[in-house]
């Protein structure tokens with residue numbers, strides 16, 4: 001049985017997911033598009049990236065594996081909810097949605113939505129709502145299955161090794177009880193969000209090839225997010241020196 005804390009968090013995530021789906025469906029299906037709030041007012045949770053940079057520290061300081069560093073603190077259901085809020089409503093999530101909507105606009109994805117600011121607003125609203133639904137499902141399933149949602153930075157040096165660490169975390173996750181397993185929460189979330197988001201797309205965007213191409217794009221964006229989490233601390237350190 002789920003504990004009371006888990007139950008309250010699960011209910012909150014379900015409400016957030018349903019709200020995002022309902023509001024976007026209304027906005028894109030109706031005659032007028034509702035814009036999302038301009039200021040979400042929630043900062044990115046700095047605890048999302050765990051372990052120190054691979055480029056600093058002595059050999060002894062980096063002797064721990066990424067899993068051992070990650071096991072130093074088990075997240076409670078409340079902390080997982082805080083991680084979800086930071087990852088969903090923080091500047092990184094909004095920034096990736098802005099970039100993704102711009103790319104969709106450039107290739108005229110979903111032509112029925114048109115161009116100009118109205119077309120961009122629809123693409124941004126759709127992409128960001130998809131992210132809310134995806135993160136809500138991932139957090140919900142992750143809490144139920146006791147998965148650790150944090151990204152774990154590599155403690156190895158080298159571009160390819162660290163890039164591989166970022167890529168494999170698309171499909172593997174850490175368990176609260178220790179060890180790794182397939183990232184069921186992420187896989188279910190990507191598939192579920194793709195299906196739900198197509199409900200507010202035009203009928204022409206609900207073919208099998210549309211689901212497959214959208215899934216590939218989603219995986220690409222997730223990989224880019226992991227690479228950003230892996231290398232940005234080093235880049236920021238060098239830029240601020």
Is it fair to say residue 177 is out of contact with any strand residue (DSSP E or B) (no Cβ under 8 Å at 6 or more places or on another chain), farther than 24 Å from residue 94 by Cα and surrounded by fewer than 15 Cβ atoms within 10 Å (Cβ to Cβ)?
yes
Going through the range 157-187 in order, the residues found to be in a helix (DSSP H, G or I) and under 22 Å from residue 76 (Cβ atoms) are 184, 185, 186
Pairs please, first residue from the range 74-90 and free of Cβ contacts under 8 Å to residues at least 40 places away in the same chain, second anywhere and part of a loop (DSSP other than H, G, I, E, B), Cβ atoms under 8 Å, 6+ apart in sequence or on different chains.
82/45
Would you point out which residue out of 93, 87, 101, 129 is over 11 Å from the mean Cα position of the chain (by Cα), assigned to a helix (DSSP H, G or I) and under 19 Å from residue 224 (Cβ atoms)?
101
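Any read-out appearing in this document is the output of simple, stated calculations on the displayed coordinates, not a laboratory observation. Just so it is clear, the structure is predicted and the values come from calculations on it, not from any experiment. Heads up, the Cβs are rebuilt from the backbone with ideal geometry, glycines too, and the neighbour counts pull from every protein chain shown.
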